[in-house]
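Below is one structure; the comments refer to it alone.
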Amino acid sequence: MLEVRNLTKVYRVGFWGRRVDALSELTLEVETGRIFGLVGPNGAGKSTAIKLFLGLIRPTSGTGIIDGHPIGSPESRRRLGFLPENPALYEFLTAEEYLALAGSLVKLETKVLREEADRLLELVGLTHARDLAIRKFSKGMVQRLGLAQALVGDPAIVILDEPMSGLDPIGRKDVRDIMFKLRDEGRTVFFSTHILPDVEAICDRVALLSKGRLTDIGRLDDLLSNRVRAVEVTASSLAPDLAERLVKERSGRAQGEGRVLVSFPSHDEANRFVAEIVAAKGTVESVVASRENLEDLFMRRAEEAKEVARR
Ligand SMILES: Nc1ncnc2c1ncn2[C@@H]1O[C@H](COP(=O)(O)OP(=O)(O)O)[C@@H](O)[C@H]1O
Ligand SMILES: [Mg+2]
């Protein structure tokens, strides 16, 4: 389990030491065996949080624990695998040589290492490319090899910084499938992203980060469930003058003779409209409520952050 409390990182930049609040008071828990997504736009503090978890940088304040060991300690690091943002792999090595190098860094024995390399290349679908130099890899292949590297040494928690960025849809699906496999093996997967459809497709839990601050955390369903974005009512068999009025006065969309679609911001308003249609002897064909999606929530938080900045 990974747990951090009030984790904070302040950078000082430039000659005058201008203050950058990269991460402020981050508190969260990541349960074992789940896929957890840290979501936020560029500059939100995702990589900073990840570097703190790994002990690559020291927090200004706050604490964290990984399976009972403080973040940054050798014991906590031993439990982690890490795929950095834009991994720079040694291009002149082959896939197998690269994994051997990664394995030697975590001090695996040669025999264990060989079996491990076989297993990992198979897992990420690179067995056919084991003897190919990395410089001949596609971006998707590089990312999959990076994932294999993160898994050397059998880590309980795998931390991936923007694992899908720069990949085409097939590459993204490959990475996604590998993340599912890791979770199904009982590992904890923690990843950061700014690509929202990926989050909706794979996360058990998400945390939204905006300008270094956590704005939302929980199961995606729970974060989005109670917000209706719009309720669309389609009515037909309407008298021509009524249909025309709906288009003019309620920005309805005409959909053929006597048939109009009208959108409402809430169920109440949609219900009143349905009653009007019934009273006018029209037919209510459908009432469809569309829920807020992650992108809507994301944009709402970005707007709120701008509001705060303006004040
Ligand atoms: N080494 C650093 N020195 C100074 N500022 C930094 C440093 N690393 C990151 N930052 C700043 O911290 C903020 C968060 O950056 P980062 O964690 O990389 O965001 P993300 O990964 O979400 O894009 C940004 O404003 C960034 O410019
Ligand atoms: Mg980043």
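For segment 147-177, filtering for residues that are part of a helix (DSSP H, G or I) and farther than 18 Å from residue 38 by Cβ leaves 8. Of all the residues in segment 155-174, those that are more than 16 Å from ligand 2 (Cβ to nearest atom) and surrounded by 16 or more Cβ atoms within 10 Å (Cβ to Cβ) number 7.
Residue by residue, here is whether (1) outside the structural domain of residue 276 (by TED's automatic domain parsing); (2) hydrophobic (A, V, I, L, M, F, W, C) holds:
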{"residue": "147", "(1), (2)": "yes, yes"}
{"residue": "154", "(1), (2)": "yes, no"}
{"residue": "206", "(1), (2)": "yes, yes"}
{"residue": "238", "(1), (2)": "no, yes"}
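Where strands (runs of 3 or more DSSP E) fall entirely within segment 35-102, those with at least 2 residues that are surrounded by 18 or more Cβ atoms within 10 Å (Cβ to Cβ), at negative phi and hydrophobic (A, V, I, L, M, F, W, C) are at 35-39, 80-83. The residues of segment 212-259 that are modelled with pLDDT of 90 or more, under 38 Å from the mean Cα position of the chain (by Cα) and among the hydrophobic types (A, V, I, L, M, F, W, C), listed by number, are 214, 217, 231, 233. Taking first residues from segment 44-65 that are over 20 Å from residue 305 (Cα atoms) and partners that are within 16 Å of ligand 2 (Cβ to nearest atom) and part of a helix (DSSP H, G or I), the Cβ contacts under 6 Å between residues at least 6 apart in sequence or on separate chains come to 57/51; 59/52. Number of residues in segment 23-52 that are within 19 Å of the chain's Cα centre (by Cα) and either among the small types (Gly, Ala, Ser) or more than 12 Å from ligand 1 (Cβ to nearest atom) (or both) equals 17. For segment 178-198, residues that are away from ligand 1 (no atom under 16 Å from the Cβ), out of contact with any strand residue (DSSP E or B) (no Cβ under 6 Å at 6 or more places or on another chain) and not in a helix (DSSP H, G or I) total 2.
The values are calculated or read from the model by the stated rules, or taken from the named source; none is laboratory data. Remember, predicted model here, so these are calculated numbers, not experimental data. As a convention, Cβ positions derive from the backbone with ideal geometry for all residues, glycine included, and neighbour counts pool all protein chains shown.
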